[in-house]
Amino acid sequence: MANSVTAMFYLIDATTGKDALVEGGEIDRPPWLGFSVHVFNAIVAWADIFCAHPRSFSKRSGRLSVGIIAFYTVWILICSHFNGAFPYPILNKLPWPAGFIAMATTSIVVFYMMFLAGRQLCKTLLLKRAKVE
């Protein structure tokens, strides 16, 4: 999921600019915050893949992860209902409900593609480790 957050953040950044990314954009944030939330978490996830042995990327963990994303999507809807706006400005700029549905679908597809890439990478690493041993 960490890589999906990073990919979605930079995809949105590249296509819309900073105004659409950060909730409360007028608030000053520490300079390390964006890096820790949108880059460092992906670095840690990759380190986990390379250091932890073995990572399975099982179908069960894939379904659980998609479930977490679905729960978060519902949570965003609840937040928007009570706050009058989505926590991510990009969602406020998209047409309702088609824009939200498209963004949620894109997020799940990006996540699942990253999950499959991680699974393939782990299989490749396991084969290389088996040859070395």
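Can you tell me which of 77-85, 115-123 comes out highest on packing, and rank the rest after it, using the mean Cβ neighbours within 10 Å?
Details: 77-85: 11.3, 115-123: 14.9.
Descending mean neighbour count gives 115-123, 77-85.
Could you order peptides 7-13, 57-63 by the average number of other Cβ atoms within 10 Å of their residues, highest first? Please report the intermediate quantities before stating the final value.
Working: 7-13: 16.0, 57-63: 12.3.
Ranking, from highest mean packing down: 7-13, 57-63.
Need one number: nm distance between label points at residue 72 and residue 40, each 7 Å from Cα along Cα→Cβ, rounded to one decimal.
1.8 nm
I'd like to know how the stretch 70-116 sits against the 2.2 N^0.38 Å rule of thumb: what's its Cα Rg over that expected value?
Computed over Cα atoms of the stretch 70-116, the ratio equals 1.19.
Kindly write out, for the stretch 96-108 in residue order, the coupling ³J(HN,Hα) from the Karplus curve 6.51 cos²θ - 1.76 cosθ + 1.60 (θ = phi - 60°), rounded to whole Hz, with x marking Gly and Pro.
My calculation for the stretch 96-108 gives 8, x, 4, x, 5, 4, 5, 5, 5, 5, 4, 4, 5 Hz in order.
Explain nothing, just compute: Karplus ³J(HN,Hα) = 6.51 cos²θ - 1.76 cosθ + 1.60, θ = phi - 60°, for every residue of the stretch 75-82 in order, whole Hz, x for Gly and Pro.
Ordered by residue, 3J(HN,Hα) equals 4, 4, 5, 4, 4, 5, 5, 7 Hz.
Every read-out reported here was derived from the displayed coordinates using simple, explicitly stated rules and does not represent laboratory data. Nothing here was measured: the structure is a model prediction, and the numbers come from that model. Heads up, the Cβs are rebuilt from the backbone with ideal geometry, glycines too, and the neighbour counts pull from every protein chain shown.
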